[in-house]
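Below is one structure; the comments refer to it alone.
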Amino acid sequence: GSVIFIDETHAALPAMMWPQAWCWLKVLAEEWKCRVVFASGSMIRFWEDEAIIKPSVKLPELTPLRVISSNQELESDRLRIEKAEDGALNCANLSERLANHLMDCEKEGPVLCILNTVQSAAGVAQALAQRLDHFDPLAFDDEPELAQRRVLHLSTALSSSDRELIIREIETRNTEHRENWILVATSCVEAGVDLDFQTGYRERCSVASLIQTSGRVNRHSLRSGAVLFDFVTVEDGVLSQHPAFK
């Protein structure tokens, strides 16, 4: 009689593992009277694909059609997604574009940039910090206080305590409606965090990731003119390609 709610279903398991997991969920549903809810902001209905689930099935939608329709209208007003027209960007090109965006749009709101690898995110964050925060990687004693930095960085390369520190700082800035700063991160901020930015940049990888990132841009529909840019990169010794997206 339990309800099993699988949030972010699109990323819960690799596709090859779903056939066995599906068998177990069917046992729970049919023999133990459990209810199973599949939920995601970027739903992939794998149960309708016979290459994964045989026989494929149709599951009922829990969201009424009238709500789906009105939400689609709101989504088109909340933000627009654009392809960056710069071509493939190296670290210097990308950091210059992001720095120019901040300097040209000082009152527009915070910016989020997500890259596919820990190395790429760290490299872009450092390049931006050197440009915008006058960061010297050889002179740690002269680092500005966290609250004064225009460039923040977040990835799984940081310890859990350091990640919590950065997330608290971001939440504070969102609450105070601070403008003109940037977070350079990996996909660790794509889901499960309540963060809100005016503009997003997402290195190309998958449609699901692009949709998930859109949930961090104008998240609460309180901003206007919000844009999410889809861009591609080139390996240059700093930026690296994620093996899964080559």
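Against the condition touching a Phe, Trp or Tyr at 6+ places or on another chain (Cβ under 8 Å) and open to solvent by 60 Å² or more (accessible area, probe 1.4 Å), how does Gln130 come out, does it pass? Spelling it out, it is not the case that Gln130 is touching a Phe, Trp or Tyr at 6+ places or on another chain (Cβ under 8 Å) and open to solvent by 60 Å² or more (accessible area, probe 1.4 Å). Of the strands (runs of 3 or more DSSP E) entirely within the range 1-98, those holding at least 3 residues that are modelled with pLDDT under 95 and open to solvent by 70 Å² or more (accessible area, probe 1.4 Å) occupy 80-83. Taking the range 138-246 and the strands (runs of 3 or more DSSP E) fully enclosed by it, the elements with 1 or more residues that are closer than 23 Å to Asp7 by Cα and touching a His at 6+ places or on another chain (Cβ under 9 Å) are at 182-185. Looking for something more than 20 Å from the chain's Cα centre (by Cα) and within 30 Å of Ser224 (Cβ to Cβ) - is there at least one such residue anywhere in the range 41-63? Checking the range 41-63: at least one residue is more than 20 Å from the chain's Cα centre (by Cα) and within 30 Å of Ser224 (Cβ to Cβ).
Checked against (1) free of Cβ contacts under 8 Å to residues at least 24 places away in the same chain; (2) closer than 23 Å to Ala11 by Cβ; (3) charged (D, E, K, R), Asp162 passes all but condition (2). Once the range 99-120 is narrowed to residues that are touching an Asp or Glu at 6+ places or on another chain (Cβ under 8 Å) and open to solvent by 50 Å² or more (accessible area, probe 1.4 Å), the residue that is nearest to Arg202 (Cα to Cα) is Glu108.
The values are calculated or read from the model by the stated rules, or taken from the named source; none is laboratory data. What you see is a predicted model, and the numbers here were worked out from it, not measured in a lab. Don't worry about glycine lacking a Cβ; one is built from the backbone with ideal geometry, like all the others, and counts go over all protein chains shown. These area figures cover heavy atoms from the full protein model, side chains too; ligands, DNA and RNA do not enter into them. Shrake-Rupley method; radii C 1.70, N 1.55, O 1.52, S 1.80 Å.
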